[in-house]
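Notes to accompany the following structure.
Nothing in this text is a laboratory measurement; each read-out follows from the coordinates by a stated rule. The structure presented is a predicted model; accordingly, all values stated were derived computationally and were not measured. A quick note on method: Cβ atoms are made from the backbone with ideal geometry, for glycine too, and the neighbour counts reach across all protein chains shown.
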Amino acid sequence: MFELPILPTTIVGSYPQPDWLIDRERLKASLPPRVRAQSLWRVPEPWLADAQEAATLMAIRDQEEAGIDIVGDGEMRRESYSNRLATALSGIDTDRHGQAMDRTGKLNPVPRVAGPIRRVAPIEAQDAAFLKRHARRPVKLTLPGPFTMTQQAQNDHYPSDRALALDYADAVNAEIKDLFAAGVDVVQLDEPYLQARADAARDYSLEAIDRALDGVGGLTALHICFGYALVHGNTVKPKAYDFLAELNRSRVDIISLEAAQPRLDPAILAELPDKTIMYGVLDLSDPVVETPEVVASRIREALRHVAPERLWVAPDCGMKYHTREIAFAKLKAMADGAALVRAEIS
């Protein structure tokens, strides 16, 4: 097992992709694509994989230079957090998309499920090996969770969304095991729709999530959020999660919450007494860079409700929509703020 300092720092998932790699203005103009959006890439296909690797190296080095303890690949190879894996599974009609309502109430193109969902080959394992080979610190990779993929699909095959989610869970389970086999230290499931569709989540999400984690041999995390403020335009967010205490019963080790921008009341952390908390301390609705002292104050607020041994420090989600300069400065402030509090409790 890898060793971490008290109050370890990490990113949620994304980091800014360079302008030479992807059309950032088009990326920011709409919600993250649910289907493939190859036209977003600026680099032609023969050189795209090499360009994505170069951008991944940049993301790794930026995180390490900023002082981040657990680094990710910044999702440099992805058009969104979910669409790369969700469209790589058999059972998806790649010729005709479906439609589904997003969390803002708009219809968007989504994968159309036309047959049994199966993972026919590893999807992110090669990326995981690349990250592990080039990072000098423990590494974390993200995957879309089975509940969120179900909510972001048009189901034209299964008798119920629950049945679809369970097959998504089997596909995710196989992928998680390959990531750990490739040397990844933490695998995170992104499940933002637990908050957006809390009633449906209560029906079958925990069953699907636990099935996705069945038999895995490493440290797992799960991220929930209120949505990207810079894309949704929702600078005012709820101050509490509608689906949270239920996650304490899940097999997940770490629960990732955005807390800075929604001004989350940290007292809510008492609802997760058996989990490690990945706590958002960077407000990504605002390009203004926090000072280390501001970050430290947010960490101290969380520590009133959770022991330091159960607290990880992270941004809120959606870092990819900021410039590299702002994102790096925010991460540096986060690392420095965590160091201030670490010195107080050591």
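Separation of region 49-90 and region 187-227, taken as the distance between their Cα centroids, equals 21 angstrom.
Scalar couplings 3J(HN,Hα) for region 99-113, obtained by applying the Karplus form with A = 6.51, B = -1.76, C = 1.60 to θ = phi - 60°, are 9, 8, 6, 8, 6, 9, x, 9, 7, 10, x, 9, x, 9, 7 Hz; x denotes Gly and Pro.
When a footprinting reagent is the concern and you count Cβ atoms within 10 Å, what order do 254, 117 take, fewest first? Write out the running numbers ahead of the final one.
Details: 254 21, 117 28.
The order, fewest Cβ neighbours first, is 254, 117.
Taking amide H atoms as placed 1.01 Å from N in the peptide plane, the amide H of residue 278 lies under 5 Å from those of 255, 256, 257, 312, each 5 or more residues away in sequence or on another chain. Residues whose amide H comes within less than 5 Å of that of residue 110, counting only those at least five positions distant or on another chain, are 98, 99, 100 (H built at 1.01 Å from N in the peptide plane). Placing a label point 7 Å from the Cα of residue 118 along the Cα-to-Cβ direction, the residues of region 154-191 whose backbone N falls under 16 Å of that point are 158, 167-175.
Its relative contact order, with pairs defined as Cα atoms under 8 Å and 6+ residues apart, puts region 24-345 at 14 percent. A crude spin-label estimate for the pair residue 343 and residue 104, with each label 7 Å from Cα along the Cβ direction, gives 4.3 nm.
For Cα pairs less than 8 Å apart in space and 6+ apart in sequence, what is the mean separation divided by the residue count of region 279-346, i.e. the relative contact order in percent? Working shown, then result.
Values: 76 pairs, mean separation 34.8, N = 68.
With pairs under 8 Å counted, the relative contact order is 51 percent.
Phi angles of region 265-278 translate, via the Karplus equation with coefficients 6.51, -1.76, 1.60 and θ = phi - 60°, into HN-Hα couplings of 6, x, 4, 5, 5, 5, 6, 10, x, 9, 10, 6, 10, 9 Hz per residue; Gly and Pro are given as x. So, in region 24-345, how many Lys pairs have Cα atoms under 20 Å apart, if the pair is 8 or more places apart or on different chains? Eligible lysine pairs with Cα atoms under 20 Å apart amount to 15. Here's how it looks for residue 31: its modeled amide H is under 5 Å from none belonging to a residue 5 or more places away or on a different chain. Of 327, 51, 169, the residue with the greatest mean-square motion in the GNM of the chain, using alpha carbon springs below 10 Å, is 51.
Ordering 309, 293 by the number of other Cβ atoms within 10 Å of each residue's own Cβ, fewest first, gives 309, 293.
Here the Gaussian network model covers the chain, with springs between Cα atoms less than 10 Å apart; of 165, 55, 29, 29 fluctuates the most.
Return the percentage of antiparallel bridges among DSSP beta bridges fully within region 24-345, rounded to the nearest 5 %. Antiparallel: roughly 20 percent of the beta bridges in region 24-345. Take every Cα pair under 8 Å whose residues are at least 6 apart in sequence, average their separation, divide by the length of region 22-160, and the relative contact order is 27 percent. Candidate values [x] 56, 44, 40; [y] 64, 52, 42; [z] 59, 50, 41 were compared with Cα extents along the principal axes in Å computed on the shown model; the agreeing label is [x].
Rank the residues 76, 58, 334 as a footprinting-exposure proxy: fewest other Cβ atoms within 10 Å of their Cβ go first. The partial results should precede the final answer.
Values: 76 25, 58 18, 334 30.
Going from sparsest to densest Cβ surroundings: 58, 76, 334.
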